[in-house]
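A quick write-up on the structure given underneath.
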Amino acid sequence: MTAEGHLIFSVACAIFAKKAEVTLELTTGDWWHIIPAALLTSLLPDIDHPKSVLGQRLRWIAIPIARTFGHRGFTHSLLAITGGIVLFRLEFTRSWPIPPDVMDAMIVGYFSHLLADMLTPAGVPLLWPCRWRFRLPLLNSHKGNKLERSMCLCLVAFALYWQGGCLIPIQSYFWQIKILDFNHVK
Ligand SMILES: [Zn+2]
């Protein structure tokens, strides 16, 4: 996916995450914190490629990462997200004045990148160092960037339109099925 696609996709994910009330910090958070924070980290996983938007600007970081892990390796995994969360909980980073809603939105932005790359044929090794690649190849580079841009913009439009809250009825529906199954077994 292109950098532009990742940026737009991260905005859609941030809107969804806030409206779906994924965390208390996002639910009560400020849109002016959440959207910029998600945009900020949405390109970060591609620091493992010296020709990516970030990699071109930070080659001294990109080249060693690319040589060590290759493109779409460690930085495209859940382990990288976990590592980032642990890093920000350490004693020396705890004093950094990062509001909690910004922190959560940064995680959403980063995760949105992995999710978007999963929509391409190459997929991502979510469980790195395990080599399994997770993919749902809806986007194909042969079909061009127009399809990618349109799909991401449609997602933003849908996220803006979506009223949120539909997850709770779905959850209660599944719980009812579980309870019914349980009673049936008894
Ligand atoms: Zn990527």
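Between L39, L78, the distinction of being out of contact with any Ser or Thr (no Cβ under 8 Å at 6 or more places or on another chain), among the aliphatic types (A, V, I, L, M) and at pLDDT 95 or above belongs to L78 only. If the condition is being of a type in the set (F, W, Y) and either more than 14 Å from the ligand (Cβ to nearest atom) or touching a strand residue (DSSP E or B) at 6+ places or on another chain (Cβ under 8 Å) (or both), then the stretch 120-141 contributes W132, F134. Among residues of the stretch 44-65 that are in contact (Cβ under 8 Å) with a residue 24 or more places away in the chain, those with a Cβ under 7 angstrom from a residue that is outside any helix (DSSP H, G or I) and away from the ligand (no atom under 12 Å from the Cβ), sequence gap 6+ or separate chain, pair up as I47/L58. Checked against the criterion of being modelled with pLDDT under 95 and part of a loop (DSSP other than H, G, I, E, B), the candidates L127, L136 yield just one match: L136. If you scan the stretch 34-59, which residues turn out to be near the ligand (Cβ under 9 Å from one of its atoms) and either out of contact with any Gly (no Cβ under 7 Å at 6 or more places or on another chain) or assigned to a helix (DSSP H, G or I) (or both)? L43, P45, D46, D48, S52 - these are the residues of the stretch 34-59 that are near the ligand (Cβ under 9 Å from one of its atoms) and either out of contact with any Gly (no Cβ under 7 Å at 6 or more places or on another chain) or assigned to a helix (DSSP H, G or I) (or both). Criterion first (among the charged types (D, E, K, R), within 30 Å of E21 (Cβ to Cβ) and either within 14 Å of the ligand (Cβ to nearest atom) or in contact (Cβ under 8 Å) with a residue 12 or more places away in the chain (or both)) does D117 satisfy it? Here the answer is yes, as D117 does meet what is asked.
Taking helices (runs of 4 or more DSSP H) as the structural unit, those lying wholly within the stretch 77-120 and holding at least 2 residues that are under 23 Å from M1 (Cβ atoms) correspond to 78-89, 100-118.
Would you be able to say whether some residue in the stretch 53-60 is closer than 14 Å to H6 by Cα, surrounded by fewer than 20 Cβ atoms within 10 Å (Cβ to Cβ) and out of contact with any strand residue (DSSP E or B) (no Cβ under 9 Å at 6 or more places or on another chain)? Within the stretch 53-60 (the criterion being closer than 14 Å to H6 by Cα, surrounded by fewer than 20 Cβ atoms within 10 Å (Cβ to Cβ) and out of contact with any strand residue (DSSP E or B) (no Cβ under 9 Å at 6 or more places or on another chain)), the answer is yes, since at least one residue qualifies. Just one of the listed residues (L39, L24) is hydrophobic (A, V, I, L, M, F, W, C) and crowded, with 19+ Cβ neighbours inside 10 Å, and it is L39. Which residue is farthest from S112 (Cα to Cα), if the candidates are limited to the stretch 1-33 and must be more than 16 Å from the ligand (Cβ to nearest atom), in contact with a helix residue (DSSP H, G or I) (Cβ under 7 Å, 6 or more places away or on another chain) and polar (S, T, N, Q)? Restricting to residues being more than 16 Å from the ligand (Cβ to nearest atom), in contact with a helix residue (DSSP H, G or I) (Cβ under 7 Å, 6 or more places away or on another chain) and polar (S, T, N, Q), the top hit is T27.
The values are calculated or read from the model by the stated rules, or taken from the named source; none is laboratory data. Only a predicted model underlies this, so the values are computations on that prediction, with no experimental measurement involved. Virtual Cβ from ideal backbone geometry, glycine too; neighbours counted across all protein chains shown.
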